[in-house]
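Shown next, in structure tokens, is the structure this report addresses.
No lab work stands behind these numbers, since they all come straight from the coordinates. Remember, predicted model here, so these are calculated numbers, not experimental data. Virtual Cβ from ideal backbone geometry, glycine too; neighbours counted across all protein chains shown.
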Amino acid sequence: MMPKYLIQTAYTAESWMAMSKNPQDRLEAVRPSIEGLGGKLDVGYLTFGEYDLVAIVDFPDNISAASFSISVASKGGVKAFTTTPLMTMDEAVEAMEKAGGSKYAPPK
């Protein structure tokens with residue numbers, strides 16, 4: 001199973017203007033870019049608020065996910081773009097177990 005990432009995108013006013021004149025499914029438009037990096041677009045949604053579109057994407061590794069993020073950010077059209085690694089609950093429990101044995105101490 002490949003790692004999953006939450007992608008959040010906020011479009012510029014110019015991008016919204018372009019999509020208003022030429023409506024398009026941006027998920028299908030970016031799918032080849034994701035697949036070209038070995039990834040898979042699981043699901044995506046148009047949203048309201050700080051971000052305009054969210055998607056769950058599988059990438060083989062952090063380098064592939066970062067490559068997609070850099071590619072999007074470098075080409076314009078978005079005013080914000082975030083990529084957040086996602087963990088399964090099994091992974092989260094394993095992290096909690098490891099944290100329980102950590103020797104970290106807060107500043108005094």
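How many residues are assigned to a strand (DSSP E or B) and hydrophobic (A, V, I, L, M, F, W, C) if we restrict to the range 49-67?
The initial filter retains those residues of the range 49-67 that are assigned to a strand (DSSP E or B), namely 53-58.
Right, trim to hydrophobic (A, V, I, L, M, F, W, C) and you get 53-57.
Qualifying residue count for the region: 5.
How about the range 31-44: which of its residues are out of contact with any helix residue (DSSP H, G or I) (no Cβ under 8 Å at 6 or more places or on another chain) and without any contact (Cβ under 8 Å) to a residue 24 or more places away in the chain? Let's see the steps before the verdict.
Of all residues in the range 31-44, those out of contact with any helix residue (DSSP H, G or I) (no Cβ under 8 Å at 6 or more places or on another chain) come to 31-32, 35-36, 42-43.
Correct list: ARG31, PRO32, GLU35, GLY36, VAL43.
Restricting to the range 1-48, what's the tally of residues that are closer than 27 Å to ASN62 by Cβ and in a loop (DSSP other than H, G, I, E, B)? Outline the logic, then answer.
Just the residues of the range 1-48 that are closer than 27 Å to ASN62 by Cβ, to begin with: 1-12, 15, 26-47.
Narrowing the set further to residues that are in a loop (DSSP other than H, G, I, E, B) leaves 1-3, 12, 37-39, 47.
Total meeting the criteria: 8.
So if I check each of THR9, THR47, which one is touching a strand residue (DSSP E or B) at 6+ places or on another chain (Cβ under 8 Å) and in contact (Cβ under 8 Å) with a residue 60 or more places away in the chain?
Details: THR47 fails: in contact (Cβ under 8 Å) with a residue 60 or more places away in the chain.
Answer to the selection: THR9.
Of all residue pairs spaced 6 or more apart or on separate chains, those with beta-carbon atoms under 9 Å, a first member in the range 74-97 that is touching a residue at least 60 places away in the same chain (Cβ under 8 Å) and at positive phi and a second member that is assigned to a helix (DSSP H, G or I) and among the aliphatic types (A, V, I, L, M) are GLY77/ALA18.
The rows are residues; the columns are (1) farther than 30 Å from MET17 by Cβ; (2) in contact with a Ser or Thr (Cβ under 7 Å, 6 or more places away or on another chain); (3) surrounded by 10 or more Cβ atoms within 10 Å (Cβ to Cβ).
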{"residue": "GLY44", "(1), (2), (3)": "no, no, yes"}
{"residue": "THR47", "(1), (2), (3)": "no, no, yes"}
{"residue": "TYR51", "(1), (2), (3)": "no, yes, yes"}
{"residue": "VAL72", "(1), (2), (3)": "no, no, yes"}
{"residue": "THR82", "(1), (2), (3)": "no, no, yes"}
{"residue": "ALA92", "(1), (2), (3)": "yes, no, yes"}
{"residue": "GLY100", "(1), (2), (3)": "yes, no, no"}
{"residue": "LYS108", "(1), (2), (3)": "yes, no, no"}
